[in-house]
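Student: Quick one: the structure is below, and I'll ask about it shortly.
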Protein chains: 2
Amino acid sequence: MSTETYEVGGMTCGHCVSSVTEEVSELPGVSDVQVDLATGRLTVTAAEPVGTDRVRAAVEEAGYTLLG
Amino acid sequence: MSTETYEVGGMTCGHCVSSVTEEVSELPGVSDVQVDLATGRLTVTAAEPVGTDRVRAAVEEAGYTLLG
């Protein structure tokens, strides 16, 4: 089991949180996604590490920016 | 033809604009809805005036506040 944490920029409301959660949840092997609007913290839980590149692609697909 | 303008509070992003547009568009007789995120301005075009009460109900159903 892997848990990765990232910071997402540009989210302003619950709809934004839903969009990011939905896109990241669709990545292969991901079993849980938590997004905190106030801090921008994104936590991705998966069987194996997903990796920054794929997480970034999903966040950008949702329309937001991976800050780190 | 009637055009009413209102101010909506609480919208922070394009998803919010979409939610307000969708709810207000469902009101009877409404033929066009324009929402400007930057100003909060909501413009409702309908065959007959929709009225503040029904517009407020739709805006609140979307999760936002009618300021005036």
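Student: Plugging the Kirkwood radius over Cα pairs into Stokes-Einstein for segment A:2-67, at a temperature of 10 °C and a viscosity of 1.306 mPa s, what D comes out in µm²/s?
Tutor: Approximately 141 µm²/s, per Stokes-Einstein.
Student: Starting from the Cα-Cα distance between A:Cys13 and A:Thr39, subtract it from 0.36 nm times their residue separation and give me the gain in nm to one decimal.
Tutor: Result: 8.2 nm gained on full extension.
Student: Still on this structure, I have one more. Every other copy gets compared here: list the nm distances from the A:Glu61 label point (7 Å along Cα to Cβ) to its counterparts, shortest first, one decimal.
Tutor: In nanometres, ordered from closest: 3.2.
Student: Oh, and also: Output, in nm with one decimal and in ascending order, the distances from the A:Leu27 label point to the matching label points of the other copies (7 Å from Cα along Cα-to-Cβ).
Tutor: Result, one decimal in nm: 4.3.
Student: Suppose only helical runs count, i.e. DSSP H with n ≥ 4. What mean residue ellipticity at 222 nm does that imply for the protein assembly as shown under -39500 (n - 2.57) per run, divided by all residues and rounded to the nearest 500 deg cm²/dmol?
Tutor: Theoretical 222 nm ellipticity from helices: -10500 deg cm²/dmol.
Student: Apply the Karplus curve 6.51 cos²θ - 1.76 cosθ + 1.60, θ = phi - 60°, to the phi angles in segment B:8-23 and return the couplings in whole Hz, x for Gly and Pro.
Tutor: 10, x, x, 7, 10, 7, x, 5, 5, 4, 4, 5, 5, 4, 5, 5
Student: Between A:Glu4 and B:Leu67, what is the FRET efficiency for a Förster distance of 35 Å, r being their Cβ-Cβ separation, to the nearest 0.05?
Tutor: Efficiency, from the Cβ-Cβ distance: 0.30.
Student: Under a plain spin-label model, where a point goes 7 Å from the Cα along Cα-to-Cβ, how far apart in nm are B:Asp32 and A:Ala47?
Tutor: Each label point is offset 7 Å from its Cα along the Cβ direction, giving 5.4 nm.
Student: Okay, moving on. Starting from the amide H of A:Glu7, placed 1.01 Å from N in the peptide plane, find each other amide H under 5 Å away whose residue is 5 or more places distant or on another chain.
Tutor: Residues meeting the criterion, in which the H sits 1.01 Å from N, are A:Leu42, A:Leu67, A:Gly68.
Student: Also, quick follow-up: Relative contact order for segment B:2-67 using alpha-carbon pairs under 8 Å, separation at least 6, rounded to a whole percent?
Tutor: 44
Student: As an exercise, identify the GluC sites (Glu not before Pro) in chain B lying in DSSP coil whose Cβ has no more than 16 other Cβ atoms within 10 Å.
Tutor: Within chain B, the qualifying GluC sites (Glu not before Pro) (loop, at most 16 other Cβ atoms within 10 Å) are B:Glu26.
Bear in mind these aren't lab numbers, they're just calculated from the coordinates by the rules spelled out. What you are looking at is a predicted structure, and each value in this text was computed from that prediction instead of being measured. Using ideal geometry, Cβ is built from the backbone for each residue, glycine included, and neighbour counts are taken over all protein chains shown.
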